[in-house]
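Contents: one structure, followed by commentary.
The values are calculated or read from the model by the stated rules, or taken from the named source; none is laboratory data. These numbers come from a predicted model, not from an experiment. Glycine gets a Cβ as well: all are built from the backbone with ideal geometry, and neighbour counts include every protein chain shown.
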Amino acid sequence: MKKTERDFSTHLKKRHFAGRIFKSICCASTWTGIVVLVVLLVAVLWKAWGWLDWDYLSHYDSRHPENAGILAGFWGSFWLAILTTLFTVPIGVGAAVYLEEFAPNSRLTRFIQVNIANLAGVPSIVYGILGLTFFVRMFDLFQGDQDKEIEIFLILTSVKIPLPLGRTLVAGALTLSLLILPVVIVAAQEALKAVPSSLQNASLALGATRWQTVKHHIIPSAAPGILTGIILSISRAIGETAPLVMIGALTYVAFSPGDIESPVQLVTNPQGIAKAPFDTFTAMPLQIYNWVSRPKEEYRHVAAAGIVLMLVFLLAMNATAIFLRHHFKKKLQL
Amino acid sequence: MMTLKSFDNFVESDKTSTSEVSQTDVGTRTKFETRNLCFYYSSTKALHDVSIQIPKKKVTALIGPSGCGKSTFLRTLNRMNELIEGTRQTGEVLLDGVDVYQSRIDVVLLRKRIGMVFQKSTPFPKSVFDNVAYGPRVAGERSKSHLKEIVEESLKKAALWEEVKDRLKDSAMALSGGQQQRLCIARAIANSPDVLLMDEPASALDPASTARIEDLIFQLKKNYTIVIVTHNMQQAARVSNLTAFFFEGELIEFGKTKEIFTNPDKKQTEDYITGRFG
């Protein structure tokens, strides 16, 4: 009797000890991540101190670091964000709804599902090459001296679409859309799957068609999850540099797309809005990368200021995602 | 176990019904008829050759132990089983003499004619008004005044109008459990169905709410054919005109409630009713 008691108590000590070791390892991993992040943030803030001011936000790039600003990059990223959202949301949500609610459970559907998940893991530069061939050069179908274009007439202005698209914002946005589409589709599908089947059954039992059920109940119920997925994907897309390098976004740019330089002009200049998507551009990550590669030491500070700005943006987008999610969850639960 | 005396009291009031309903009654008094209905979940056979005739404007109760197939049977009546993967059925299900599984039948219209109330109340996360108006709206009703009429009428029929008439725009999720279930009944009624299928509608409710639902069923049977699945034999005895006893996917016995509960033909029925199993 005594022997088993003693054995049992030593095992207990060992088990507790193993538990404590494991807990310490996990704790150390967490803190390592946090510490590294904090160190990086502090280093960046230190470098950017004094360099991030209103002048920085309202000036273009310059050969003199003191005068260099991020205006071109800011507007480029802005238009990219809007256009990418415009392309991704209908296609991504539509595909997710179809795959989840309407597609028959066949081999073809399963094949498509597996491949979408795989596409999420493709390196972004591959999408850059794809975008270059397909969107920028359009397989070199439109050759010749004269650039053709399609003109669409709207109320206040007309939209001129160049063919091939060339190194425009539209081409960049399309490429980025391809990049984040798999992630959006998977996230949206997960949100749709989470809608309780009792809701669907109740709606169908009342004589609603499948589409009516999806439109009135399933999509609204899945909206918070879908929205979160979209916002997080867009914030990832804004940080991507490799695909934009591939499609040839410019690096020394002293103009804003469509010549829209301030938020006021968004309202006062409809021609600019029509022109902007088809303008050449640069983006914030590209501009930062370019500054870092320049020999002058001062450009490191300029780059750091850009990094801080980008971080602020990403934080704001993630905060919006969390807020919207919380807001919709409350709305649906009561 | 209920006493025979209390049972008789309840059934006496039903003597005003004029038609004698028997197993072989066919034609105009039958709402639903199934012939040799077999149902399969993938490879498992859940219903074996069920043939039954459910009469119009009466309450038919389906009783039996857990897993005996009564909910499955209920769902075959409005083709809700089709929503589950890998199910199939053989045999016929006739509504007013027409096979509902024919390909030319529009299942959406079928489900409008047949209202269903589930065990757990599932109000939509919308206002009370929008919940009740949902059925008519998806069917194409646009007139606001007409919808208001329909909503008021359905809520009155479901004995909920007095409690919610000032709160029509409030969220349905704020109602109590019993109110939510009555809302689901109002929702089903708003479609003006011929039939109401109820899958254990009161099993998640307290005795007071249960009593109200039972009163409601009693009122509703004047205008609707009602088929109710219940675990609670006292409830079956209280509200139904006819009772069908299911066991392991087979219909063991079907007849007038009074006879089933006082003088069942089959021993299995008697064993279940007296509580020897299930």
> Looking at the stretch B:181-211, which of the residues that are part of a loop (DSSP other than H, G, I, E, B) and among the small types (Gly, Ala, Ser) is modelled with the highest pLDDT?
Replying inline: B:Ala190
>> Residue under question is B:Ile226, and the condition is that it be crowded, with 22+ Cβ neighbours inside 10 Å and closer than 22 Å to B:Asp194 by Cα; does it hold?
In response: yes
> So which residues in the stretch B:212-233 are at pLDDT 85 or above and in a helix (DSSP H, G or I), if there are any at all?
Replying inline: B:Arg212, B:Ile213, B:Glu214, B:Asp215, B:Leu216, B:Ile217, B:Phe218, B:Gln219, B:Leu220
> Is it true that A:Gly229 is closer than 21 Å to A:Ala319 by Cα, without any contact (Cβ under 8 Å) to a residue 60 or more places away in the chain and away from chain B (no Cβ under 11 Å)?
Replying inline: yes
> Only one of (1) more than 14 Å from chain B (Cβ to nearest Cβ); (2) in a loop (DSSP other than H, G, I, E, B); (3) free of Cβ contacts under 8 Å to residues at least 60 places away in the same chain is not met by A:Glu240, so which one is it?
Replying inline: (3)
> Going through the stretch A:168-201 one residue at a time, which ones are in contact with a helix residue (DSSP H, G or I) (Cβ under 6 Å, 6 or more places away or on another chain) and among the hydroxyl-bearing types (Ser, Thr, Tyr)?
Replying inline: A:Thr168, A:Thr175, A:Ser177
>> I'm told A:Ile155 meets every condition in (1) of a type in the set (A, V, I, L, M, F, W, C); (2) under 21 Å from A:Gly248 (Cα atoms); (3) not in a helix (DSSP H, G or I) except one. Can you identify the failing condition by its number?
In response: (2)
> What number of residues within the stretch A:229-253 satisfy the criterion of being polar (S, T, N, Q) and under 17 Å from A:Val186 (Cβ atoms)?
Replying inline: 2
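Let's see how each residue does on (1) part of a helix (DSSP H, G or I); (2) modelled with pLDDT of 85 or more; (3) more than 18 Å from A:Arg63 (Cα to Cα):
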site: A:Val264; (1), (2), (3): yes, no, yes
site: A:Gly272; (1), (2), (3): yes, no, yes
site: A:Ile288; (1), (2), (3): yes, yes, no
site: A:Ala303; (1), (2), (3): yes, yes, no
site: A:Ile307; (1), (2), (3): yes, yes, yes
site: A:Leu315; (1), (2), (3): yes, yes, yes
site: A:Ile322; (1), (2), (3): yes, yes, yes
site: A:Lys329; (1), (2), (3): yes, no, yes
> Does the stretch A:272-282 contain at least one residue that is in contact with a Phe, Trp or Tyr (Cβ under 8 Å, 6 or more places away or on another chain), crowded, with 18+ Cβ neighbours inside 10 Å and within 28 Å of A:Ala187 (Cβ to Cβ)?
Replying inline: yes
> When you look at B:Val195, is it in contact with a helix residue (DSSP H, G or I) (Cβ under 8 Å, 6 or more places away or on another chain), within 14 Å of chain A (Cβ to nearest Cβ) and within 24 Å of A:Pro220 (Cα to Cα), yes or no?
Replying inline: no
>> Considering only residues that are on the phi > 0 side of the Ramachandran plot and either surrounded by 14 or more Cβ atoms within 10 Å (Cβ to Cβ) or at pLDDT 90 or above (or both), which ones fall in the stretch B:68-95?
In response: B:Gly69, B:Arg79, B:Gly91
>> Given the criteria in contact with a Leu (Cβ under 9 Å, 6 or more places away or on another chain) and either more than 26 Å from A:Ala254 (Cα to Cα) or among the acidic types (Asp, Glu) (or both), does A:Thr133 qualify?
In response: no
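Take the residues in the stretch A:302-334 that are among the aliphatic types (A, V, I, L, M) and within 14 Å of chain B (Cβ to nearest Cβ); name whichever of them is surrounded by the most Cβ atoms within 10 Å (Cβ to Cβ).
Filtering the stretch A:302-334 for residues that are among the aliphatic types (A, V, I, L, M) and within 14 Å of chain B (Cβ to nearest Cβ), the one surrounded by the most Cβ atoms within 10 Å (Cβ to Cβ) comes out as A:Leu332.
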> In the stretch A:280-334, which residues are touching a strand residue (DSSP E or B) at 6+ places or on another chain (Cβ under 7 Å) and either acidic (Asp, Glu) or in contact (Cβ under 8 Å) with a residue 12 or more places away in the chain (or both)?
Replying inline: A:Thr280
> Within the stretch B:107-144, can you find the residues that are within 24 Å of A:Phe328 (Cα to Cα), of a type in the set (Val, Ile, Thr) and more than 7 Å from every other protein chain (Cβ to nearest Cβ)?
Replying inline: B:Val128, B:Val132
> For the stretch B:154-165, what are the residues that are without any contact (Cβ under 8 Å) to a residue 24 or more places away in the chain and either in a helix (DSSP H, G or I) or within 14 Å of another protein chain (Cβ to nearest Cβ) (or both)?
Replying inline: B:Lys156, B:Trp161, B:Glu162, B:Glu163
>> I'd like the full set of residues that are within 12 Å of chain A (Cβ to nearest Cβ) and not hydrophobic (A, V, I, L, M, F, W, C), limited to the stretch B:198-216.
In response: B:Asp199
> Limited to the stretch A:193-217, what total is found for residues that are surrounded by 21 or more Cβ atoms within 10 Å (Cβ to Cβ) and more than 9 Å from chain B (Cβ to nearest Cβ)?
Replying inline: 1
